[in-house]
Amino acid sequence: MCGRYTLRSVIPETLAQALQIEKMPELGAQHNIAPTQMVVAVLHDSKSNKHELQRLRWGLIPSWAKDPAIGAKLINARAETVAKKPAFCFAFKHQRCLILADGFYEWKQENGKKQPFYFRLQNGEIFGFAGLWEVWESPQTGQIKSCTILTTQANDLVQPLHDRMPVILALQDWDVWLNSQVQKPELLQQLLRPYPPAEMTGYAVSTLVNNPKHNSPECVAPLSAGNDR
């Protein structure tokens with residue numbers, strides 16, 4: 001699964017150009033993004049035929065849901081079954097997004113405690129999780145735009161900690177994923193594969209990250225005698 005991640009970097013101009021995004025908002029560094037928080041995602045606007053950045057609530061709330069609290073249980077969607085699950089099938093076909101990140105956390109049970117590990121690309125660049133988005137609305141709460149992160153089988157780097165990992169989409173697949181005109185499940189499923197482990201790195205970090213209230217560079221610092229807490 002993916003239950004915590006980061007977006008610490010400023011989105012570079014080269015990435016903005018690749019996404020053809022004209023307006024780049026100021027984004028504060030996020031070292032410990034948790035479910036139900038607002039996250040940065042790339043959506044495609046079919047009317048303008050342009051990509052745009054939006055803030056979505058992490059935890060997908062289906063449009064037909066009676067209670068928005070269901071979103072806390074739908075932070076991830078399994079790639080293998082996403083096309084058939086009632087909560088995700090419409091969004092998988094029509095409302096896909098990229099959720100921007102530059103790393104994610106996973107935990108390992110060690111000596112009676114949960115030891116966090118941080119995974120990122122070797123080059124440290126921003127990447128995109130395969131995501132889905134939905135709009136939920138009620139007279140009491142108004143409109144909520146929400147999202148979920150797709151997961152797949154873990155690669156050899158992540159597998160010792162967990163059998164699942166978030167789907168990191170290759171840059172060349174971004175436009176296809178965002179294009180709502182592409183609706184064939186078999187074509188989309190081909191994109192939802194484990195990311196090459198040789199292009200990633202991972203290391204233990206401080207247990208500070210176990211508390212979502214902590215949001216500082218210490219969360220992603222490699223574990224050492226100085227930050228073993």
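Points worth noting:
- Anisotropy class of region 159-226 from Cα gyration tensor, a/c 1.5 cut: prolate
- Per residue, the convex hull spanned by the Cα atoms of region 1-103 measures out at 120 cubic angstrom.
- Counting all C-alpha pairs of region 60-102, share separated by more than 18 Å (%): 28
- Ordering GLN183, ASN210, LEU223 by the projection of their Cα atoms onto the charge dipole of region 169-229, which places +1 on the Cβ of Lys and Arg and -1 on the Cβ of Asp and Glu, puts ASN210 at the extreme positive end.
- Annotation: the antiparallel percentage among DSSP beta bridges lying fully within the chain is about 90.
- Counting only Cβ charges, +1 for Lys and Arg and -1 for Asp and Glu, the dipole size of region 93-229 around its Cα centre is about 320 debye.
- The chain - mean residue ellipticity at 222 nm from DSSP helices (-39,500 (n - 2.57) per run, n ≥ 4, rounded to 500): -2000 deg cm²/dmol
- Extension gain for the segment SER48 to ASP175, taken as residue separation times 0.36 nm less the Cα-Cα distance, is 44.2 nm to one decimal.
- Here's the list of lysines a cross-link from LYS145 could span, going by alpha-carbon distance under 26 Å and ignoring same-chain residues fewer than 8 apart: LYS23, LYS47, LYS50, LYS66, LYS73, LYS84, LYS85, LYS93, LYS184, LYS213.
- The Cα atoms of region 60-205 give a gyration tensor whose axes a ≥ b ≥ c have a/c of 1.5 or more with a/b no greater than b/c, which makes the shape oblate.
- Take the Cα of MET38, go 7 Å toward its beta carbon, and the backbone nitrogen atoms of region 51-70 under 12 Å from that spot belong to 54-58.
Throughout, read-outs are computed from the coordinates displayed, never taken from laboratory work. Keep in mind that what you see is a predicted model, and the values were worked out from it rather than measured. Neighbour counts run over all protein chains shown; Cβ positions are idealised from the backbone, glycine included.
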